[in-house]
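Participant: Take a look at this one; I'll ask things after.
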Amino acid sequence: MGRALRRPLLIVLTACCWPAAPRAAGAAEEALRPAAIFWSPRSPRSDQPLRVLAVADRPLEATLAVYAPDGTEAAVTGMPHGATPYRWLAEIAAPVAGVYRAGLGRGVEVAVCRNIRVSADPRPRPSERDVVWPVERSWDRDTEDIYSAWVERLFDDPLDAQPSWHGLGEVLRDPARNFLHDHLGLGEDADGGLRLEPDCADLPFFLRAYFAWKLALPFGYSECSRGGRSGPPRCGAWHSNLEPPPGAEHGEVSAVARFLRQAVAWTIHSGSARTPAADERTDLYPTRLSTETIRPPGSAEGATCHRRAPREQAGLMEEYRDWFHERRRPPRA
């Protein structure tokens with residue numbers, strides 16, 4: 001997008017509309033699908049970089065533009081990254097106090113736009129001593145998309161790269177990977193902050209909990225047996241971030257660290273992921289593995305599966321699906 005086209009965005013962003021863009025004759029008009037804009041830190045301030053993220057379920061020919069309070073262009077990103085969801089990420093290294101305007105759109109259409117207030121006086125989230133962290137919002141499609149984009153960004157590397165880390169904490173302390181780095185302004189991701197070293201069973205729970213903590217979302221997990229010859233693992237008690245936190249007297253970061261390293265890590269094990277698919281009292285639920293259920297439906301990824309799955313293999317998948325649903329072994333040839 002050239003500067004001649006970007007400049008009018010300032011006027012239009014004020015009213016949350018997108019300016020007209022030159023189009024080729026006969027170009028198809030496709031409405032922009034819903035998207036979301038998120039920023040970090042939670043309470044933007046002038047002494048900390050401002051990161052702006054836009055996510056969409058499907059690929060969009062759209063641009064993320066961020067304008068400073070004085071109307072100058074602060075950042076622009078035209079090329080999305082990732083897939084399901086697709087993400088646009090912009091960073092302002094040294095924001096000034098005032099209201100920034102961010103929008104994702106194309107032509108006369110706008111997918112989403114938001115005002116972002118940057119303050120010279122930081123406003124940390126109030127801590128609560130009777131819970132591990134407070135809940136201010138619920139999980140929805142937007143937060144799920146942002147979570148997916150965050151996880152993908154954490155471990156995003158070229159296909160020929162072979163990254164290696166000593167633990168999850170090493171990844172979270174890297175602001176180039178973690179766009180939630182110091183999101184709460186508590187120094188939580190500094191070298192002396194949160195230290196997390198989950199094992200393979202703990203990792204998905206730690207990622208979910210860390211993200212939920214940063215965005216004040218609910219998080220819970222089940223206490224399950226390991227199972228054995230007498231039967232598969234079964235789950236009983238359920239715990240959440242709304243229980244009294246361990247180590248609250250030492251501050252929120254310490255309380256969250258103990259919650260993850262003790263309450264969660266000492267409860268989650270390999271049996272937590274081996275519960276029966278039909279059991280309703282677990283942390284997992286089954287999904288149908290088919291091209292129709294690949295997120296998002298009708299995507300290029302789903303079309304690729306349709307094209308590449310041999311007809312014979314697709315037939316076997318259809319034949320065996322009922323067997324797996326009934327938890328019976330298909331007959332051997």
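The values are calculated or read from the model by the stated rules, or taken from the named source; none is laboratory data. Fair warning: this is a prediction, and the values are worked out from it, not measured in the lab. Here the Cβ is made from the backbone with ideal geometry for all residues, glycine too, and neighbour counts use every protein chain on show.
Participant: In the stretch 48-86, which residues are under 21 Å from Gly185 (Cβ atoms) and touching a residue at least 60 places away in the same chain (Cβ under 8 Å)?
Facilitator: Passing the criteria: Gln48, Pro49, Leu50, Arg51, Val52, Leu53.
Participant: Quick one: is Ala255 closer than 18 Å to Glu223 by Cα and in contact with a helix residue (DSSP H, G or I) (Cβ under 9 Å, 6 or more places away or on another chain)?
Facilitator: No, not satisfied.
Participant: Restricting to the stretch 97-129, give me the number of residues that are in contact (Cβ under 8 Å) with a residue 24 or more places away in the chain and either in a loop (DSSP other than H, G, I, E, B) or acidic (Asp, Glu) (or both).
Facilitator: Counting residues in the stretch 97-129 that are in contact (Cβ under 8 Å) with a residue 24 or more places away in the chain and either in a loop (DSSP other than H, G, I, E, B) or acidic (Asp, Glu) (or both) gives 12.
Here's the yes/no breakdown for (1) assigned by TED's automatic domain parsing to the domain that holds Glu152; (2) among the acidic types (Asp, Glu); (3) buried (at least 16 other Cβ atoms within 10 Å of the Cβ):
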position: Arg58; (1), (2), (3): no, no, yes
position: Thr63; (1), (2), (3): no, no, yes
position: Ala68; (1), (2), (3): no, no, yes
position: Val76; (1), (2), (3): no, no, yes
position: Pro85; (1), (2), (3): no, no, yes
position: Glu91; (1), (2), (3): no, yes, yes
position: Ala94; (1), (2), (3): no, no, no
position: Tyr100; (1), (2), (3): no, no, yes
position: Val110; (1), (2), (3): no, no, yes
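Participant: Anything in the stretch 181-196 that is surrounded by fewer than 20 Cβ atoms within 10 Å (Cβ to Cβ) and touching a residue at least 60 places away in the same chain (Cβ under 8 Å)? List them, or say none.
Facilitator: Within the stretch 181-196, Gly185, Leu186, Gly187, Gly193, Arg195 meet the criteria.
Participant: Could you please tell me which pairs satisfy a Cβ distance under 8 Å, a separation of 6+ or placement on different chains, a first residue in the stretch 166-177 that is closer than 19 Å to Pro41 by Cα, and a second residue that is β-branched (Val, Ile, Thr)?
Facilitator: Arg177/Val171
Participant: Can Gly185 be described as in the same structural domain as Pro244 (by TED's automatic domain parsing) and in contact with a Ser or Thr (Cβ under 9 Å, 6 or more places away or on another chain)?
Facilitator: Criteria met by Gly185.
Participant: Shifting gears a bit: Looking at the stretch 156-190, which of its residues are out of contact with any His (no Cβ under 8 Å at 6 or more places or on another chain), in a loop (DSSP other than H, G, I, E, B) and within 17 Å of Val256 (Cβ to Cβ)?
Facilitator: If the condition is that a residue be out of contact with any His (no Cβ under 8 Å at 6 or more places or on another chain), in a loop (DSSP other than H, G, I, E, B) and within 17 Å of Val256 (Cβ to Cβ), then Gly167, Asn178, Leu180, His181, Asp182, His183, Leu184, Gly185, Leu186, Gly187, Glu188, Ala190 are the ones that fit.
Participant: Looking only at the stretch 100-139, count how many residues are charged (D, E, K, R) and either over 22 Å from Leu64 (Cα atoms) or touching a helix residue (DSSP H, G or I) at 6+ places or on another chain (Cβ under 9 Å) (or both).
Facilitator: The qualifying residues number 9.
Participant: Restricting attention to the stretch 222-263, which residues are part of a loop (DSSP other than H, G, I, E, B) and of a type in the set (Gly, Ala, Ser)?
Facilitator: Passing the criteria: Ser225, Gly227, Ser230, Gly247, Gly251.
Participant: Identify, from the list Leu207, Leu104, Leu194, the residue that is at pLDDT 90 or above and closer than 24 Å to Phe219 by Cβ.
Facilitator: The unique qualifying residue is Leu207.
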